[in-house]
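> Before I ask anything, let me first share the structure, which is written out below as structure tokens.
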Amino acid sequence: MSQNIFDGILTQKTLFVNKEALRHTHQPVYLPHRDTEVEDLSFNLVEALKGHIPSNMILYGVTGAGKTAVTRYVCDQLERKGEQIGRIVNPVLVNCRQIDTQYRVLSHLGNTLLEEHEQADIPFTGWPTDRVFSELVRRMDSRGGVYVIVLDEIDHLVKKAGDDLLYNLTNLNAQLKNARACVIGISNDLKFTDFLDPRVRSRLGQQDIIFNPYNSEHLQDILRERASEGIASDAIAPGVIELCAALAAQEHGDARCALDLLRVSTEVAERENMSLVDQSHVRIAQAQIESDQVTPVIRTLPTQQKIVLSSILLIESHGLRNIQTGEVYDIYKQACVILQTQFLTARRISGIISNLDMLGLITAKVISRGRGGRTKEINSCIPNNIDSKSVISKSEPAFVEVFEHKYRHQSRL
């Protein structure tokens, strides 16, 4: 019998006791340094256990500040207490980066509340939105109780799809007869309410909780708590947790970053067949996590795709956003003249723009201009710490002249 490539790895001694404890999706029993936030959220949601309507809330804070973890923790405790005292409480959490349209959120909520005797899900698409909303109300009334609708990354939904969903959800209690509902929004953007209609803003922001970033000492406590559950007690060298916490504290106190560092550091030590995680493993893990995936993608793009991307970057360098396809094509043709390259048709360039969008280098949102047809609103999404012009010029020296050329643009430049 031939040897399997996984045989040696499976028999290797592991430093982990419970690897899942070091992932940010893990729900710990205790959340260090979030007692105040837990208390504020609990004080509001206790109304659901009395059969009353909790206030709508918005939870603000930077990434990795514990907003989602605290909300999951409190909602879990709320649901358990409801079962103990015979109160129907239904927390439903929706990640609005994954489920990012009004229709999809409403259908997700409705299908979450599907009763055992009901066979038909709300379809992924195809129904009028008002029918989906009516079906959601019917199912909520059928089950009864108090619903806590948590919209995680709500700012992403509002920026993409507007505030119609929030208007409908904050107006749910006017439609419900046998149930009640409140909405909790979780946002990384303190100013996202600027995008809301004043009526929605006043209904949604009845109470706000600000999650301040963790400092280095806070992160050390979090890591020690998780490490005691997830890593062998004698596998971490002195200074490892402190270094992970210090590095993460530099990134706005991101607990997710700290947990990733500790987990990957332990994986590095395991791969080297070491019995102890030391600070050198943390440095290797930091380099792995922060490794730039965008630069090699840009460097290996075909020439025509580099020209199109360069054109978008040039237009943005003039302070313009939401660039239209025609504007990109205008600059693209001028760049081809400088590079002495035959330019492609507008249709081919539209396909290249779609490919750059698929690679994650730009976003290209199709918009309708009525009788004027359809176009794309294009923006680059290359991280600020990457000098994409330099990357392109190093791989294609002739592009230096393109970036230095003074363009004439008939539209907005």
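The values are calculated or read from the model by the stated rules, or taken from the named source; none is laboratory data. Computed from a predicted structure; not experimentally measured. Using ideal geometry, Cβ is built from the backbone for each residue, glycine included, and neighbour counts are taken over all protein chains shown.
> Looking at the range 44-74 only, could you name the residues that are assigned to a helix (DSSP H, G or I) and farther than 24 Å from residue 174 by Cα? Lay out the reasoning, then the answer.
The initial filter retains those residues of the range 44-74 that are assigned to a helix (DSSP H, G or I), namely 44-49, 67-74.
Scanning the range 44-74 gives 67, 68, 69, 70, 71, 72, 73, 74.
> Might you check whether a residue that is assigned by TED's automatic domain parsing to the domain that holds residue 46, out of contact with any Phe, Trp or Tyr (no Cβ under 8 Å at 6 or more places or on another chain), among the β-branched types (Val, Ile, Thr) and not in a helix (DSSP H, G or I) occurs anywhere in the range 117-125? Break it down into steps so the answer makes sense when it comes.
Step one: of the range 117-125, the residues assigned by TED's automatic domain parsing to the domain that holds residue 46 are 117-125.
Still in the running and out of contact with any Phe, Trp or Tyr (no Cβ under 8 Å at 6 or more places or on another chain): 117-124.
Among the residues that remain, those that are also among the β-branched types (Val, Ile, Thr) are: 122.
Right, trim to not in a helix (DSSP H, G or I) and you get 122.
Checked against the condition, which is being assigned by TED's automatic domain parsing to the domain that holds residue 46, out of contact with any Phe, Trp or Tyr (no Cβ under 8 Å at 6 or more places or on another chain), among the β-branched types (Val, Ile, Thr) and not in a helix (DSSP H, G or I), the range 117-125 yields at least one hit.
> Now for a separate question. Test residue 69 against the criterion of being under 21 Å from residue 147 (Cα atoms), surrounded by 15 or more Cβ atoms within 10 Å (Cβ to Cβ), small (Gly, Ala, Ser) and out of contact with any helix residue (DSSP H, G or I) (no Cβ under 6 Å at 6 or more places or on another chain), and give yes or no.
yes
> With (1) modelled with pLDDT of 90 or more; (2) outside the structural domain of residue 239 (by TED's automatic domain parsing) as the list, and residue 339 as the residue in question, which single condition is left unmet?
(1)
> Taking the residues in the range 354-375 that are of a type in the set (Gly, Ala, Ser) and not in a strand (DSSP E or B) as candidates, determine which candidate is modelled with the lowest pLDDT.
Step by step, filter the range 354-375, then rank; the result is 372.
> Now a separate question. Could you pull out the residue among 170, 193 that is in contact (Cβ under 8 Å) with a residue 12 or more places away in the chain, surrounded by 17 or more Cβ atoms within 10 Å (Cβ to Cβ), farther than 14 Å from residue 53 by Cβ and in contact with a Lys or Arg (Cβ under 6 Å, 6 or more places away or on another chain)? Explain how you work it out, then say what you get.
On the way: 170 fails: farther than 14 Å from residue 53 by Cβ.
Answer to the selection: 193.
> Which of (1) within 19 Å of residue 54 (Cα to Cα); (2) under 25 Å from the mean Cα position of the chain (by Cα); (3) small (Gly, Ala, Ser) is the odd one out, the single condition residue 161 does not satisfy?
With respect to (1) within 19 Å of residue 54 (Cα to Cα); (2) under 25 Å from the mean Cα position of the chain (by Cα); (3) small (Gly, Ala, Ser), residue 161 is out only on (1).
> If you don't mind, there's one more thing I want to ask. Among the residues of the range 126-161, write down those that are part of a loop (DSSP other than H, G, I, E, B) and in contact (Cβ under 8 Å) with a residue 40 or more places away in the chain.
144, 153, listed by residue number.
> Quick one: what pairs do we get from the range 244-257, first residue surrounded by 16 or more Cβ atoms within 10 Å (Cβ to Cβ), second assigned to a loop (DSSP other than H, G, I, E, B) and of a type in the set (A, V, I, L, M, F, W, C), C-beta under 8 Å, 6+ apart or different chains?
253/62; 253/65; 254/62; 254/65; 255/65
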